[in-house]
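The next block holds one structure in the form of structure tokens; read it before the comments.
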Amino acid sequence: MTSEHIPPILYKFRKWDRDSNPPGFECRILTHREAYFTSPKYFNDPFDCKIGLDLASKTKGDYVNHFSKEYSTEKVTALSEALTHNPEGFINDVAAMTARLADKSGVFCLSENPQDLLLWSHYSDGHQGFCIGIDSAAFPAPDVYLRRGSTEIHYVGVKYEDVLPSLDPFLEDPNEWLDQQYRYKAAVWNYEHEHRYVMIKDPQEGPLTDQERAFHLSPSAIKEIILGCKTDDDRASKVKTEVRRLAALNPNVRLLRSVKSKSRFSVDIVPEPMQ
């Protein structure tokens with residue numbers, strides 16, 4: 001069992017891209033209440049969700065012994081020949097297979113901290129967008145796997161490390177292997193205080209579709225919308241229109257705005273009128 005602590009509200013930073021041509025998808029978390037599980041292949045960190053398998057340290061006998069538990073004698077013999085005649089090719093094939101998991105997985109990343117300057121700068125159009133606070137109970141609790149058709153969603157707590165880990169390719173539990181793959185990030189990202197929800201599709205099925213990647217939130221799951229300190233009147237007006245529509249379904253939703261602190265390199269969060 002995990003001992004992860006998840007705050008009651010987690011935050012997603014977004015830009016207002018509804019006016020772009022064609023309209024973007026980031027604003028849909030507000031306009032359509034969609035939490036979109038992005039493929040890891042689009043992440044800006046080249047190490048994120050790409051932790052390498054420790055393949056080179058395993059001997060030919062290690063591979064044969066491991067795979068003989070699951071595969072027929074014929075397949076194990078073919079594996080043995082591949083390892084004998086083209087070991088580098090075998091390792092590259094396994095690495096390529098791992099990379100293809102990105103098409104069958106998606107990650108929804110959130111933060112504990114709605115006041116971080118870098119998060120607003122990097123993910124909310126330089127403080128010109130918005131941040132949305134979501135009830136963490138809208139997603140699976142730690143150790144719970146939510147089944148949706150041929151997909152499963154589960155929580156992964158992020159760990160920040162200075163040393164690049166490598167993963168044991170012989171882990172018996174595939175869920176443990178996936179958790180480790182999506183859990184580790186470089187220590188330079190620790191300011192994000194990130195929490196992740198990972199969507200995995202059945203290996204026997206095709207890639208995740210855009211429709212499958214969109215997880216629909218109930219109106220009550222959205223607790224707060226925070227305007228950026230540089231969100232102009234036009235964008236603020238459009239966001240407020242959507243918030244008023246949401247308030248008709250969830251009267252407890254709060255509209256807030258970030259403002260520059262007068263005493264710290266930070267932003268303060270203050271109430272904002274709906275009109």
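Rule-based calculations on the coordinates, nothing more; no lab input. Computed from a predicted structure; not experimentally measured. Positions of Cβ are backbone-derived with ideal geometry, glycine not excepted, and every protein chain shown enters the neighbour counts.
For I9, which sequence-distant residues (separation of 5 or more, or a different chain) have an amide H within less than 5 Å of its own amide H, given hydrogens modelled in the peptide plane?
S136
Give, as a single signed number, the net charge of other residues whose beta carbon lies under 14 Å from the beta carbon of P219, with Lys and Arg counted +1 and Asp and Glu -1.
Residues close to P219 contribute a combined charge of +1.
How far, in nm, would the chain grow between S121 and D45 when pulled straight, counting 0.36 nm per residue and subtracting the alpha carbon separation?
Length gained between S121 and D45: 25.7 nm.
Please label the shape of region 197-275 as rounded, prolate or oblate, based on the square roots a ≥ b ≥ c of the eigenvalues of the alpha-carbon gyration tensor (a/c under 1.5 means rounded; beyond that, a/b larger than b/c means prolate, else oblate).
Prolate, because a/c is 1.5 or more and a/b exceeds b/c.
Check cross-link reach from K238 to the lysines: straight Cα distance under 17 Å, and skip same-chain residues fewer than eight apart.
K15, K230
Tabulate in residue order the Karplus-calculated ³J(HN,Hα) for region 219-235, using 6.51 cos²θ - 1.76 cosθ + 1.60 with θ = phi - 60°, rounded to whole Hz; enter x for Gly and Pro.
After applying 6.51 cos²θ - 1.76 cosθ + 1.60, I find x, 5, 6, 8, 9, 9, 10, 10, 7, x, 5, 10, 5, 6, 4, 5, 5 Hz.
Could you list the trypsin sites (Lys or Arg not before Pro) in region 233-275 that lie in coil according to DSSP, counting only those with at most 13 other Cβ atoms within 10 Å of their Cβ?
K262, R264
For the residue pair E4 and E205, what label-to-label distance in nm results when each label sits 7 Å from Cα along the Cα-to-beta-carbon direction?
2.1 nm
Can you list residues whose amide H is under 5 Å from K159's amide H, if they're 5+ apart or on another chain and H is modeled 1.01 Å from N?
Correct list: Y184, K185.
Could you calculate the contour length gain from F170 to M274, that is, 0.36 nm times the residue separation minus the distance between their Cα atoms, to one decimal place in nm?
Using 0.36 nm per residue and subtracting the Cα-Cα distance, I get 32.0 nm.
Once you've got the Cα coordinates, tell me which of K12/K262; K185/K262; K50/K223; K50/K201 are over 28 Å apart.
Result: K185/K262; K50/K223 exceed 28 Å.
Taking just the C-alpha trace of the chain, give me its Rg and Dmax in Å.
21.8, 72
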